[in-house]
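Below is one structure; the comments refer to it alone.
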Amino acid sequence: MTDVARLAGRPVIIGGGLAGLMTALELAPEPVVLLSAAPLGSDASSAIAQGGLAAAMGDDDSPELHLADTLAAGDGLCDEAIVRSIVEAAPRAIDRLAALGVAFDRDAGGTLQLGLEAAHARRRIVHAAGAATGRELMRALVAAVRNTASISVVEGFAARRLLVENGVIAGVLAAGGTGSMALATGRVVLATGGVGALFRDTTNPLGCFGQGLALAARAGAAFADLEFVQFHPTALDGVLRPMRLVSEAVRGEGAVLIDETGRRFLAELPGAELATRDAVARGVHRHLARGHRVFLDARACLGAGFADRFPTIAGYCNDAGINPAREPIPVRPAAHYHMGGVAVDREGRSTVPGLWACGEVASSGLHGANRLASNSLTEAVVVAGWVARSVAASADTHHVANALPPVPVRPDPAFACDIVSSSLGVLRDGESLREAVAALLPIASGNSPAADPAAVALMMAVSALGREESRGAHSRSDFPLRSAAARRSRITLDAAQQAAASLDFLPIARSA
Ligand SMILES: Cc1cc2nc3c(=O)[nH]c(=O)nc-3n(C[C@H](O)[C@H](O)[C@H](O)COP(=O)(O)OP(=O)(O)OC[C@H]3O[C@@H](n4cnc5c(N)ncnc54)[C@H](O)[C@@H]3O)c2cc1C
């Protein structure tokens with residue numbers, strides 16, 4: 001095992017997506033280590049983000065309006081003070097990205113072009129390269145990181161365990177193709193992204209299966225709102241993983257959802273195809289479950305103009321052998337974004353001293369029960385700044401552990417993926433959640449490659465079982481109504497294991 005003594009004592013940032021890159025850049029000139037399982041800019045949701053970043057930049061807009069839209073989407077579970085801080089900081093975050101070299105789309109006079117997305121009352125989506133915002137963000141920020149001498153980039157190494165001594169972070173155990181290493185540090189920032197790849201149908205890169213949540217869980221951290229997963233209603237249905245997004249903007253142009261008989265099956269839903277993301281996802285899911293196929297039909301509204309208006313999506317369709325000008329596009333819901341995550345305070349600190357989190361792995365309180373589109377990239381940039389200031393202000397009290405534990409085996413999400421896909425999808429119910437918990441508990445408590453993903457899935461399933469209501473993206477067929485009182489959920493791995501062990505796993509009695 002390599003002990004990387006030269007890097008000892010530096011903050012270690014785990015994850016090379018938007019949140020990790022920004023944390024490293026905001027900490028400069030303090031020397032830091034940026035650890036990324038994949039080469040910077042790849043295998044990160046940030047790189048494939050399409051629409052852009054929400055920020056109240058328009059003359060007719062204000063942080064107050066952005067706040068109101070975010071709270072409405074969050075369905076009662078947002079932390080209003082956090083939302084306010086983030087929406088107020090959003091315009092400065094855009095300026096900061098521009099100063100770092102991100103080329104946002106502007107009009108001939110140099111003014112930012114602002115897009116409109118569902119549930120935003122104003123045009124406030126700052127984008128780049130049309131609908132390839134993530135690619136441009138990564139291009140500019142990876143270059144900025146590589147040009148910053150204080151950032152030591154360690155690529156191709158995945159963090160496998162956080163070292164904890166007397167309840168405080170002491171280091172990171174990582175492994176890669178060329179061996180393993182122990183980084184001694186008292187300051188670790190998790191920026192490892194989401195959990196989409198715990199689901200068979202997902203838009204997330206396949207490395208996004210909650211590795212950061214597992215690291216935090218084994219270190220004893222608390223989590224918030226883990227049951228809330230946003231499903232995108234119209235991912236291109238096919239064998240390719242991650243699934244390609246057919247953006248809401250296509251429905252915004254008038255495309256309708258039909259089934260194999262040509263029936264517009266969501267016509268009765270208030271708002272029809274432009275209802276909220278969770279409502280459309282439920283409608284599509286139910287229709288598929290009844291044995292239908294579902295298609296997005298843009299023939300009448302866009303027809304031959306489809307490729308001009310949506311070149312990237314036309315390319316995805318083309319790759320799948322579909323001509324959207326002449327054929328309806330097959331779609332199905334896919335896991336897209338995790339609202340829950342490591343519970344953090346307003347500096348991004350977790351409950352474990354020395355451990356911070358930002359980006360999708362964290363639950364800052366911004367999104368509540370449902371993320372407002374394009375708020376997540378903004379959050380990653382703003383909260384990375386808060387985290388960097390907090391890390392810089394904290395003394396490093398690291399000490400190298402005397403006896404290092406063995407590096408855990410490479411995690412394999414396949415076991416958890418089967419269970420999560422069937423029990424934690426668009427519609428949940430107590431019976432299948434109980435079965436999931438029963439199957440996950442022994443695996444999560446073992447040491448096999450399936451253990452870490454199972455531990456994450458167990459915490460999500462126990463949280464979903466405990467939320468006996470339907471709110472935002474969490475829909476229970478056995479509890480279809482929203483509770484009068486809104487409460488955020490909190491859990492640790494210990495608490496999830498105890499709750500799971502005390503559950504009665506006998507099948508729930510059904511009435512005749
Ligand atoms: C198709 C798609 C489109 C989207 N469009 C938008 C949009 O338009 N606007 C918006 O606001 N949001 C959008 N989102 C959501 C948004 O992209 C993500 O929430 C955001 O990019 C998350 O950034 P992150 O830095 O937290 O994580 P990521 O960008 O996913 O980066 C995580 C990084 O951590 C690394 N990593 C993971 N585990 C380990 C480990 N154990 N050790 C070392 N490294 C590790 C990964 O390799 C990766 O580099 C979209 C998401 C998808 C999938």
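The values are calculated or read from the model by the stated rules, or taken from the named source; none is laboratory data. Everything numeric in this text was worked out from a predicted model, so none of it was measured. Here the Cβ is made from the backbone with ideal geometry for all residues, glycine too, and neighbour counts use every protein chain on show. With ligands, DNA and RNA removed, areas are computed over all heavy atoms of the protein, side chains included. Shrake-Rupley method; radii C 1.70, N 1.55, O 1.52, S 1.80 Å.
Points to keep in mind about this one:
- When the charge dipole of region 1-160 is built from unit charges on Cβ atoms (+1 for Lys and Arg, -1 for Asp and Glu) and taken about the Cα centre, the candidate among Leu35, Pro63, Ala24 whose Cα reaches farthest toward its positive end is Leu35.
- In loop segments of region 429-478 as defined by DSSP, the GluC sites (Glu not before Pro) with at most 15 further C-beta atoms inside 10 Å of their C-beta are Glu468.
- The accessible surface of the chain, taken with every protein chain in place and a 1.4 Å probe, is 52 percent carbon and sulfur.
- Debye, to nearest 20: dipole size of region 1-153, +1 on Lys, Arg Cβ, -1 on Asp, Glu Cβ: 640 debye
- Burial order of peptide ranges 10-20, 470-480, 338-348 (average beta-carbon count within 10 Å, highest first): 10-20, 338-348, 470-480
- Relative contact order (percent, whole number), region 20-90, Cα cutoff 8 Å, 6+ residue spacing: 23 percent
- Once the 1.4 Å probe is applied to the protein heavy atoms, region 219-270 comes out at 36 Å² accessible per residue.
- Loop-located GluC sites (Glu not before Pro) in region 255-289 (DSSP state not H, G, I, E or B) with no more than 11 neighbouring Cβ atoms inside 10 Å: Glu268.
- Of the trypsin sites (Lys or Arg not before Pro) found in region 260-296, those in coil by DSSP whose Cβ has at most 14 other Cβ atoms within 10 Å are Arg263, Arg264, Arg290.
- In this structure, the amide hydrogen of Cys208, modeled 1.01 Å from its nitrogen in the peptide plane, lies closer than 5 angstrom to those of Ala197, counting only residues at least 5 positions away or on a different chain.
- Point-charge dipole on Cβ atoms (K/R +1, D/E -1) for the chain, about Cα centre, debye to 20: 400 debye
- For the chain, the antiparallel share of DSSP beta bridges with both residues in that region comes to about 65%.
- Relative contact order (%) - criterion: Cα under 8 Å, at least six apart; region: the chain: 20 percent
- When only alpha carbons of the chain are considered, Rg and Dmax amount to 22.1, 70 Å.
- Neighbour net charge for Ala56 - beta-carbon separation under 15 angstrom, K R +1, D E -1: -4
- Per residue of the chain, the DSSP helices (runs of n ≥ 4 H) give a summed -39500 (n - 2.57) that works out to -10000 deg cm²/dmol at 222 nm.
- Region 374-512: relative contact order as a whole-number percent, Cα under 8 Å and 6+ apart: 22 percent
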